[in-house]
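Here is the structure we will look at.
The values are calculated or read from the model by the stated rules, or taken from the named source; none is laboratory data. Small disclaimer: the values here were computed from a predicted structure and weren't measured. Glycine also receives a Cβ, built like all others from the backbone with ideal geometry; neighbour counts cover every protein chain displayed.
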DNA sequence: GAGGCGTGCTAAATCGAATTATCACGTGTC
DNA sequence: GACACGTGATAATTCGATTTAGCACGCCTC
């Protein structure tokens with residue numbers, strides 16, 4: 001066995017190997033395998049090349065192709081925390097799905113919130129010549145994107161750019177609309193006294209609170225000083241806030257909650273006070289944390305956060321930018337009301 | 001402004017640009033920037049090159065380097081479901097952390113359980129010349145790894161190879177040890193009548209059941225026919241099984257559960273029957289599903305699944321294989337007992 | 001002053017594909 | 001018989017780095 005044959009057996013076969021096997025030049029092989037139009041190759045030659053490629057199990061070396069073509073068919077994805085939020089997985093999955101469908105692969109980097117890691121990660125990804133970049137935030141917020149992101153097509157997911165940074169396209173949840181959905185559900189059920197156990201000053205909380213007020217006003221219901229009670233997004237805080245509110249003689253008939261954890265706290269408080277949900281008290285959560293909202297008794301009516309959709313639309317936006325198509329600067333994705341068992345008509349209407 | 005200068009300004013600078021700017025050959029630039037030992041470059045020349053590189057903001061094109069060096073400093077990661085399990089994120093995070101520390105990036109592909117997608121994903125990753133591959137399963141099980149995986153260094157996480165497939169190194173949870181931990185907790189608390197609401201015939205369930213029997217025997221406690229009740233890993237099933245068991249006059253004083261969902265079902269059943277946990281009934285779960293085990297009242301004592309550790313050890317094993325170091329064929333990682341509030345001494349000892 | 005040697009640097013090949021510019025050959029036309 | 005033209009291929013270059021082999025020069029030695 002000659003050196004050449006031994007080599008061809010141990011190495012992955014290259015285009016040259018195929019060319020030699022078919023008795024043609026590597027140019028011909030390239031033309032045939034890429035179905036290059038305008039290339040004139042006789043049918044028999046073509047067949048011989050195809051057969052040789054098949055027989056050798058030839059697959060092009062993508063690293064070489066990437067260098068020549070100056071594009072890597074891969075996109076970089078930065079997150080500031082994968083596992084810190086159980087939802088992040090959905091975004092990653094969606095981005096990966098969309099990328100895969102477009103023939104691309106995802107290079108994933110988790111910065112764990114460290115800006116310096118993020119910075120070197122972006123550099124590293126640019127050095128690898130990714131076709132585009134996605135930055136996904138674990139919490140919905142305004143932020144100043146790293147200026148380096150602007151070097152290639154980039155898209156923000158679950159956040160949006162501050163006025164002073166690069167104006168990258170952004171895809172994030174329609175918190176105002178979602179908050180409206182939640183509030184409207186309680187209003188539609190006939191509740192007139194609703195208290196909002198809101199989140200704590202973050203952007204989603206502000207948006208949802210505004211929506212709550214608007215819907216109440218639209219329904220000509222009063223929103224007095226005590227109607228919005230902000231606090232941390234924890235079970236304990238939900239419990240404490242609900243407890244003090246539900247002990248009032250003029251207690252509300254429904255509590256709108258900033259998230260499912262607060263709602264769970266409220267549920268526990270209601271039970272501790274001998275109130276039955278939803279008969280004595282209606283409850284609406286937010287986030288639709290599967291493991292939580294669907295596991296308690298009664299199961300929580302809540303609004304889902306459209307994480308998969310966020311990821312998909314983010315990725316599709318990025319692919320459009322890469323393709324040179326125009327895209328919307330901002331895209332809000334609406335979650336949906338998940339009807340379960342924690343809402344009923346008020347007992348004394 | 002000459003063509004050349006304009007080019008250098010718009011393109012990312014290459015090594016040639018740096019060489020020209022410093023008035024040397026690109027070989028010299030390569031030697032200096034890579035600190036190649038044995039290369040003889042005068043200190044002034046070296047400084048000039050460094051200055052030029054700095055001034056132009058030169059960063060090497062990694063695609064070109066990868067082609068020349070025949071290694072991509074990246075690893076491929078396949079999962080059969082990212083978001084289906086909230087834990088998968090931990091494994092991904094751990095793998096990415098370890099890869100990053102070794103100067104590598106992770107190419108992530110989610111197969112969603114489709115073997116054909118997995119197959120083409122592996123091919124795609126091999127075409128891109130990843131240095132190694134990780135396959136992570138969402139459920140702990142025995143499986144026949146895709147034969148293609150054997151083409152490069154590969155490691156399995158949260159699963160292990162069947163006897164007939166390629167024998168890849170595997171890292172997975174020590175279910176036997178973990179099951180022992182859970183059982184022992186109840187035995188140590190003084191319980192003598194313990195029923196195991198087991199999972200349904202999967203590998204972890206089998207391991208944990210075996211461990212339960214062994215610990216009981218070691219403690220000279222009887223394990224009669226009804227002591228192990230297998231069933232689905234759902235809240236409902238836990239509820240039903242617990243209900244029928246707890247209604248018996250000789251009801252056990254403790255229930256060991258196959259996972260936290262079953263345990264939650266059991267908790268609800270106990271409450272429905274007027275039993276207090278842990279006073280009347282002790283409960284131990286498994287998995288430590290944060291959102292669930294820590295949110296119910298009383299909070300569940302359970303055993304954690306070491307997902308982060310699994311990912312990290314898996315990645316480190318892979319890096320060792322890539323480096324040509326010997327590695328263990330199988331590595332079991334033990335979770336830990338998470339003490340919370342659902343275990344107490346039995347009332348009638 | 002010829003030969004040896006260390007220093008400092010470069011030309012050219014290489015990695016594996018894609019692409020541009022030609023080239024050889026036969027056929028048809030005037 | 002000279003020339004244009006279509007067909008079927010190939011040689012050579014390019015992408016941007018790394019690496020091997022070797023060149024030019026000065027200094028020292030005998």
Looking only at segment B:35-42, decide whether some residue is within 7 Å of DNA strand C (Cβ to nearest atom) and either on the phi > 0 side of the Ramachandran plot or out of contact with any helix residue (DSSP H, G or I) (no Cβ under 9 Å at 6 or more places or on another chain) (or both).
-> yes
Do we find a residue being free of Cβ contacts under 8 Å to residues at least 12 places away in the same chain and assigned to a helix (DSSP H, G or I) anywhere in segment A:122-138?
-> yes
Tell me, which residue of segment A:45-88 that is more than 11 Å from chain B (Cβ to nearest Cβ) and within 11 Å of DNA strand D (Cβ to nearest atom) is surrounded by the fewest Cβ atoms within 10 Å (Cβ to Cβ)?
-> A:47
Selection status of residue A:150, assigned to a helix (DSSP H, G or I), more than 23 Å from residue A:246 (Cα to Cα) and assigned by TED's automatic domain parsing to the domain that holds residue A:122 | yes
Do we have any residue at all in segment B:91-100 that's at pLDDT 95 or above, farther than 23 Å from residue B:305 by Cα and either within 12 Å of chain A (Cβ to nearest Cβ) or outside any helix (DSSP H, G or I) (or both)?
-> yes
Mind checking which residues of segment B:119-173 are surrounded by fewer than 19 Cβ atoms within 10 Å (Cβ to Cβ) and within 17 Å of residue B:328 (Cβ to Cβ)?
-> B:166, B:167
What about residue B:124, is it within 8 Å of chain A (Cβ to nearest Cβ) and either within 25 Å of residue B:18 (Cβ to Cβ) or more than 16 Å from DNA strand D (Cβ to nearest atom) (or both)?
-> yes
Is there a residue being under 24 Å from the mean Cα position of the chain (by Cα) and not assigned by TED's automatic domain parsing to the domain that holds residue B:140 anywhere in segment B:217-233?
-> yes
Residues of segment A:35-52 being more than 46 Å from the chain's Cα centre (by Cα) and either outside any helix (DSSP H, G or I) or in contact (Cβ under 8 Å) with a residue 40 or more places away in the chain (or both), in sequence order, are A:40, A:41, A:42
Those residues of segment B:25-34 which are assigned to a loop (DSSP other than H, G, I, E, B) and either more than 9 Å from DNA strand D (Cβ to nearest atom) or touching a helix residue (DSSP H, G or I) at 6+ places or on another chain (Cβ under 7 Å) (or both) amount to B:25
Filtered residues of segment A:269-318 (kept if over 22 Å from residue A:184 (Cβ atoms), more than 12 Å from chain B (Cβ to nearest Cβ) and assigned to a loop (DSSP other than H, G, I, E, B)) | A:273, A:274, A:275, A:276
